[in-house]
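Take a look at the structure below.
The values are calculated or read from the model by the stated rules, or taken from the named source; none is laboratory data. Worth saying up front: this structure is predicted, and the values here are computed from it rather than measured. FYI the Cβ positions are ideal-geometry reconstructions off the backbone, even for glycines, and counts take in every protein chain you see. Note: areas computed on protein heavy atoms with side chains; ligands, DNA, RNA excluded. Shrake-Rupley method; radii C 1.70, N 1.55, O 1.52, S 1.80 Å.
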Amino acid sequence: MFPLNLPNMLTVLRIMLVPVLVVALLGNTPEGDVLAAIVFALASLTDFIDGHLARSRQTVTTFGKLMDPLADKLLIVAALVALVSLHRLAAWVAMVIITRELAVTVLRLGATQAGVVMAASMFGKLKTCMQIALILALIAVHSQPLWVSLLLYATVLVTIVSGLDFFFGLRRRLARAQARG
């Protein structure tokens with residue numbers, strides 16, 4: 001069982017909203033896209049709120065540290081895969097984003113094992129905001145006007161740059177930790 005506090009409950013809510021999002025997108029129901037957009041926006045909002053609440057109320061838990069990033073990845077990956085299956089997103093774009101998310105997650109876990117904690121950077125936060133904006137745009141806009149295409153390519157670029165920033169930052173931190181130890 002996990003400690004019951006508001007940040008952890010928001011994380012669990014985000015995980016529970018993932019299948020609702022997928023069904024809303026893929027279920028061929030009237031107003032499914034509207035429901036999907038609302039669910040995705042609500043779930044994304046919980047991502048911003050839960051971490052802030054946990055830190056401000058000093059209720060950070062091991063459960064939250066592990067499950068919050070997992071909930072984020074589940075939400076983004078589920079949305080991307082559903083959008084690819086609806087032919088609203090090219091598979092290569094989803095693969096770039098998913099590969100970056102998985103690589104950073106694995107590297108972050110490895111760094112933690114080595115005693116190095118990598119906090120989210122400004123690039124990482126920008127990447128998350130852009131991915132959320134892109135997914136909302138792809139849910140809401142069925143055609144791909146120029147602004148959506150520009151957002152897509154900018155999101156891919158920021159995703160790649162944030163991944164490189166994380167990798168090289170981690171490499172520097174690990175080298176410093178090894179030099180000290």
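Within the stretch 104-123, if we keep just the residues that are within 15 Å of the chain's Cα centre (by Cα) and of a type in the set (A, V, I, L, M), the residue that is farthest from PHE167 (Cα to Cα) turns out to be MET122.
Looking only at residues that are free of Cβ contacts under 8 Å to residues at least 12 places away in the same chain and of a type outside the set (Ser, Thr, Tyr) in the stretch 149-163, which one is farthest from ILE98 (Cα to Cα)?
LEU150
Taking the conditions (1) loosely packed, with under 15 Cβ neighbours inside 10 Å; (2) more than 19 Å from ASP47 (Cα to Cα); (3) free of Cβ contacts under 8 Å to residues at least 24 places away in the same chain; (4) not hydroxyl-bearing (Ser, Thr, Tyr) in turn, HIS142 satisfies each one other than (3).
What residue, of PHE63, PHE48, is of a type in the set (Phe, Trp, Tyr) and either under 15 Å from the mean Cα position of the chain (by Cα) or under 25 Å from THR155 (Cβ atoms) (or both)? From the options PHE63, PHE48, the qualifying one is PHE48.
Filtered by the rule that a residue be open to solvent by less than 40 Å² (accessible area, probe 1.4 Å) and touching a residue at least 40 places away in the same chain (Cβ under 8 Å), the stretch 106-139 gives ALA111, VAL116, MET118, GLY124, THR128, GLN131, ILE132, ILE135, LEU138, ILE139. Residue count for the stretch 14-50, restricted to those that are open to solvent by 60 Å² or more (accessible area, probe 1.4 Å), more than 13 Å from ALA82 (Cα to Cα) and modelled with pLDDT of 90 or more: 8.
Only one of the listed residues (VAL161, VAL84) is more than 30 Å from GLN178 (Cβ to Cβ), at pLDDT 95 or above and not polar (S, T, N, Q). That residue is VAL84.
For the structure I just gave you, tell me whether ALA79 is open to solvent by less than 20 Å² (accessible area, probe 1.4 Å), at pLDDT 95 or above and closer than 20 Å to ALA37 by Cβ. Yes. Checking every residue in the stretch 97-116 against the condition of being acidic (Asp, Glu) and out of contact with any Lys or Arg (no Cβ under 6 Å at 6 or more places or on another chain) gives zero matches.
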